[in-house]
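Asker: Right, I'll just put the structure down here and ask away after.
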Amino acid sequence: MHVSYCRLLAAIVIAVTTVVLAPLSAQDTTGRKDTLPVQPPVLPAPPPPVPAPVTPPAPPAPPAPPTLEQIRYVQGLRTATRGVAQLRDGLSRVARTQASDSVRRRGAARRLGGLCATARTFIASGRPKMQPTAYADSMRIVAKQLVVRLDSLAKALPACEQTAGRQPTVVAADLTKRLQAYDEALLAFRAAVAAQNRPDSTKTVSQQ
């Protein structure tokens, strides 16, 4: 009888367990709507690209300093220019007195002769220092042309000393023509010197 009672109790437990678990197993847990969607991870923004360093351009190469011969050339030109200034003064006096009386014209003519002598002294002092070989290439050509024009001007000065008092108009016309040619050569020489002293940017580019 005791065995029958145990079997009956086991049957009751099994029945109760089946009744309780059946509704739970029937529920569909796959369709639950309260499940939150999975958010993708937020990645940090990539850092901005680093700009490449900018190399500043190198400064132009400085011009080469003048040589001793070039310094002597310029010193000689400076001395000769003082003589040319004397000559300009004499020619200006003659031009200003053309409409004046004969006394003033004769005085200006004699003054021109004296200034030609002074100009010749200055030019003779400065000219030996002006050697075109102090320069090279095209600069030498310009320096030589200036010397040629200066020599042409100096060549007319002795005649100016002797005849300016008697023929001031003729002397002044010849000297003015020679002086204009000299001024053109002097202008070309100064422009060439300025270009030579300008920094050489082509060397800077080739050295980068």
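Asker: Only Cα pairs under 8 Å and at least 6 apart count here; give the relative contact order of segment 58-126 as a rounded whole percent.
Answerer: Relative contact order here is 46 percent.
Asker: Separate question: Hey, what's the Cα Rg ratio for segment 50-208 versus the globular rule of thumb, 2.2 N^0.38 Å?
Answerer: Against the compact-globule rule of thumb, the ratio is 1.46.
Asker: For Tyr135, enumerate residues with amide H under 5 Å from its amide H, sequence gap 5+ or separate chain, H modeled in the peptide plane.
Answerer: Result for Tyr135 returns nothing.
Asker: Can you tell me the order of 120-132, 82-94, 52-64, 185-197 when each peptide is scored by its average per-residue count of other Cβ atoms within 10 angstrom, highest first?
Answerer: Peptide ranking by packing, descending: 82-94, 120-132, 185-197, 52-64.
Asker: Next question. To the nearest 0.05, what FRET efficiency results for Ala58 and Arg78 with a Förster distance of 41 Å applied to their C-beta separation?
Answerer: That gives a FRET efficiency of 0.70.
Asker: When only the heavy atoms of the protein chains count and the probe is 1.4 Å, how do Thr133, Thr97, Thr176 rank by accessible area, highest first?
Answerer: Thr133, Thr176, Thr97
Asker: Contact order normalised by length for segment 57-208, with contacts defined as Cα pairs under 8 Å and 6 or more residues apart; what percent is it?
Answerer: The normalised contact order for segment 57-208 reaches 34 percent.
Asker: A further question follows. Tell me whether segment 39-111 comes out rounded, prolate or oblate; compute the Cα gyration tensor, take square roots of the eigenvalues as a ≥ b ≥ c, and use a/c under 1.5 as the rounded threshold.
Answerer: oblate
Asker: Also: For Ala194 and Gln98, compute 0.36 nm times the residue count separating them, minus their Cα-Cα distance, and round to one decimal in nm.
Answerer: Computed gain between Ala194 and Gln98 is 30.7 nm.
Asker: Pulled fully out, how much extra length does the chain show between Thr121 and Lys177, if you take 0.36 nm times their separation in residues and subtract their Cα-Cα distance?
Answerer: 18.1 nm
Asker: Per residue of segment 116-130, what does 6.51 cos²θ - 1.76 cosθ + 1.60 with θ = phi - 60° give for ³J(HN,Hα)? Whole Hz please, x for Gly and Pro, Karplus curve as stated.
Answerer: Each residue's phi maps through the Karplus curve to give 5, 5, 5, 4, 5, 5, 5, 5, 5, 7, x, 4, x, 7, 8 Hz.
The values are calculated or read from the model by the stated rules, or taken from the named source; none is laboratory data. These numbers were taken from a predicted model, which means no experiment stands behind them. For neighbour counting, all protein chains shown are included, and Cβ atoms are generated from backbone atoms with ideal geometry for every residue, glycine included. Note: accessible area is taken over every heavy atom of the protein model, side chains too, but ligands, DNA and RNA are not part of it. Shrake-Rupley method; radii C 1.70, N 1.55, O 1.52, S 1.80 Å.
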